[in-house]
Amino acid sequence: MSDLSDSARNHASMTGASDASAFREAMSRVGGAVHIVSTDGPGGKAGFTATSFTAVSDAPPTVLVCLNSQSRAGIVLERNGAFCVNTLAAGPDSAALADVFAGRAGLKGPDRFTVGTWTEGALGQPLLGGALVSFACELQSEAVVATHRVLFGIVRAVVIAPPGPALIYRGRGYRTLP
């Protein structure tokens, strides 16, 4: 690989990887689909908004999702042993719902589920009506990395809606991906 061109060097700034604010700024430029991760069971009902979600393997189907280690939802999810990842379609209602589950609307815990249309999914987890896709997952394992928990789930069922535009988070705001 070659170094940055002279033109790129004139428009880019370099900073140390240990600079947290520069890292956050850099990550704000990386777009990600918006998901609501939900759980219900003996540990209670909880959910959170996530953009850090990805496939790990298709044999067996495995995904991972990350959340802050201080989040109450992580403890609830661990006790329940299962979760559902609901990928949001684009639209103002979806952006408002993402804000609710991100804690920006003042609702906490089970009260967050008063917004949106929820049914029970294959593993008993809350399934969001109108999601582009929902993955019902059994918690396989988790790891704590720095300030976050990385949760690995075996996908036990999927619900796939008709294709449509997705809600994306980039530049500290919601966007639409056709």
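The values are calculated or read from the model by the stated rules, or taken from the named source; none is laboratory data. Remember, predicted model here, so these are calculated numbers, not experimental data. Here the Cβ positions follow ideal geometry from the backbone for every residue, glycine too, while neighbour counts run over all protein chains shown.
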Q. Only one of these conditions is not met by Arg156: (1) within 17 Å of the chain's Cα centre (by Cα); (2) at pLDDT 95 or above; (3) not in a loop (DSSP other than H, G, I, E, B). Which number is it?
A. (1)
**Q.** Matching residues, the range 108-149, being of a type in the set (Gly, Ala, Ser) and surrounded by fewer than 20 Cβ atoms within 10 Å (Cβ to Cβ)
**A.** Gly109, Ala122, Gly124, Gly129, Gly130, Ser141, Ala143, Ala146
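Each row is one residue, and each column tells you yes or no for (1) small (Gly, Ala, Ser); (2) surrounded by fewer than 16 Cβ atoms within 10 Å (Cβ to Cβ); (3) touching a strand residue (DSSP E or B) at 6+ places or on another chain (Cβ under 7 Å); (4) closer than 20 Å to Ala157 by Cα.
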| site | (1), (2), (3), (4) |
| --- | --- |
| Val65 | no, no, yes, yes |
| Asn68 | no, yes, yes, no |
| Ile75 | no, yes, no, no |
| Asn80 | no, no, yes, yes |
| Cys84 | no, no, yes, yes |
| Ala95 | yes, no, yes, no |
| Phe101 | no, no, yes, no |
| Gly106 | yes, yes, no, no |
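Do you know which residues across the range 99-119 are closer than 22 Å to Ile168 by Cα and of a type in the set (Ser, Thr, Tyr)?
Result: Thr117, single match.
Kindly provide the set of residues from the range 76-99 that are among the hydrophobic types (A, V, I, L, M, F, W, C) and free of Cβ contacts under 8 Å to residues at least 24 places away in the same chain, ordered by number. Talk me through it step by step, then tell me what you get.
Initial filter on the range 76-99 (among the hydrophobic types (A, V, I, L, M, F, W, C)): 76-77, 82-85, 88-90, 95-98.
Within the range 76-99, just Ala96 meets the criteria.
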Q. Looking at (1) touching an Asp or Glu at 6+ places or on another chain (Cβ under 9 Å); (2) modelled with pLDDT of 95 or more; (3) of a type in the set (Gly, Ala, Ser), can you tell me which one Ala96 breaks?
A. (1)
**Q.** Selection within the range 46-63 - out of contact with any Phe, Trp or Tyr (no Cβ under 8 Å at 6 or more places or on another chain), among the hydrophobic types (A, V, I, L, M, F, W, C) and either under 22 Å from Ala146 (Cα atoms) or surrounded by fewer than 22 Cβ atoms within 10 Å (Cβ to Cβ) (or both)
**A.** Ala50, Phe53, Ala55, Ala59
